[in-house]
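Please treat every number below as a calculation from the coordinates, not as lab data. Since the model is a prediction, treat every value here as computed from it, not as a measurement. Virtual Cβ from ideal backbone geometry, glycine too; neighbours counted across all protein chains shown.
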Amino acid sequence: MNYWLVKSEPSTWSWDQQVAKGAKGEAWTGVRNFTARQNLVNMKKGDKAFFYHSNEGKEIVGIAEVIEEAYPDPTDKTGKFVCVDIKADKPLKTPVTMAAIKADKKLSAMALVKYSRLSVQPVTAEEWKYVCKMGGV
DNA sequence: GCCAACGTTGGC
DNA sequence: GCCAACGTTGGC
């Protein structure tokens, strides 16, 4: 099992919208970056991903699960990019903010801090456990 | 709304 | 295949 972090601006696609989709989930489309694309390709069914709100909130708000592995992104006319399907798993009791992550030595090496522009990032098992604990999950 | 960081594009 | 220019992202 691998862990990931996906980012979305709530004005474009929010955690609440993801939750509303329920168990059938939703395609995670719109990735137009090769590094992020590679991470999508590496996702396996059953992997978990933090759901991060950028711009508004700037915090990890929930946990999603990969329910369909990478396939061509229907919103990409060039055919170069892919998407996966994810469903909302559970929310964090306490959202973990960017400020909290930056302030914590254990998390200061997270891709979220180092590569803030990357929209799909890997998360280590240690980081995963630690953030879950911070989030009260 | 500004600006730094960085990925992508295209000319050579 | 290098590198400058450009565009986009996202924190502040």
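A residue that is within 16 Å of DNA strand B (Cβ to nearest atom), among the β-branched types (Val, Ile, Thr) and assigned to a strand (DSSP E or B) can be found somewhere in segment A:114-131.
Residues in segment A:1-28 that are surrounded by fewer than 17 Cβ atoms within 10 Å (Cβ to Cβ) and over 12 Å from the mean Cα position of the chain (by Cα): A:Met1, A:Pro10, A:Ser11, A:Thr12, A:Asp16, A:Gln17, A:Ala20, A:Lys21, A:Gly22, A:Ala23, A:Lys24, A:Ala27. For A:Lys102, the conditions (1) within 13 Å of DNA strand C (Cβ to nearest atom); (2) of a type in the set (Lys, Arg); (3) outside any helix (DSSP H, G or I) are fulfilled apart from (3).
Selection of segment A:11-53 for residues being closer than 18 Å to A:Glu127 by Cβ and in a loop (DSSP other than H, G, I, E, B) yields A:Met43, A:Asp47. Residues of segment A:68-91 that are within 19 Å of A:Lys44 (Cα to Cα) and in contact with a helix residue (DSSP H, G or I) (Cβ under 8 Å, 6 or more places away or on another chain): A:Ala70, A:Phe81, A:Val82, A:Cys83, A:Val84, A:Ile86, A:Lys87, A:Ala88.
Checked against (1) within 16 Å of DNA strand B (Cβ to nearest atom); (2) touching a residue at least 40 places away in the same chain (Cβ under 8 Å); (3) not aliphatic (A, V, I, L, M), A:Tyr52 passes all but a single condition, namely (1). Consider A:Val41 carefully, then state whether it is within 16 Å of DNA strand B (Cβ to nearest atom) and either under 24 Å from A:Ala23 (Cβ atoms) or out of contact with any helix residue (DSSP H, G or I) (no Cβ under 7 Å at 6 or more places or on another chain) (or both). For A:Val41, the condition - within 16 Å of DNA strand B (Cβ to nearest atom) and either under 24 Å from A:Ala23 (Cβ atoms) or out of contact with any helix residue (DSSP H, G or I) (no Cβ under 7 Å at 6 or more places or on another chain) (or both) - is met. Could you look through segment A:88-113, keep only residues that are away from DNA strand B (no atom under 15 Å from the Cβ) and of a type in the set (Lys, Arg), and pick out the one that is surrounded by the fewest Cβ atoms within 10 Å (Cβ to Cβ)? Among those residues, the one meeting the criterion is A:Lys105.
Do we find a residue being more than 13 Å from DNA strand B (Cβ to nearest atom) and among the small types (Gly, Ala, Ser) anywhere in segment A:75-87? No, every residue in segment A:75-87 fails to be more than 13 Å from DNA strand B (Cβ to nearest atom) and among the small types (Gly, Ala, Ser).
Just one of the listed residues (A:Glu59, A:Glu65, A:Glu127) is within 16 Å of A:Ser14 (Cα to Cα) and touching a helix residue (DSSP H, G or I) at 6+ places or on another chain (Cβ under 7 Å), and it is A:Glu59.
Looking across A:Val123, A:Val96, A:Val113, A:Val131, one residue alone is within 13 Å of A:Glu59 (Cβ to Cβ), among the β-branched types (Val, Ile, Thr) and touching a Leu at 6+ places or on another chain (Cβ under 8 Å). It is A:Val131.
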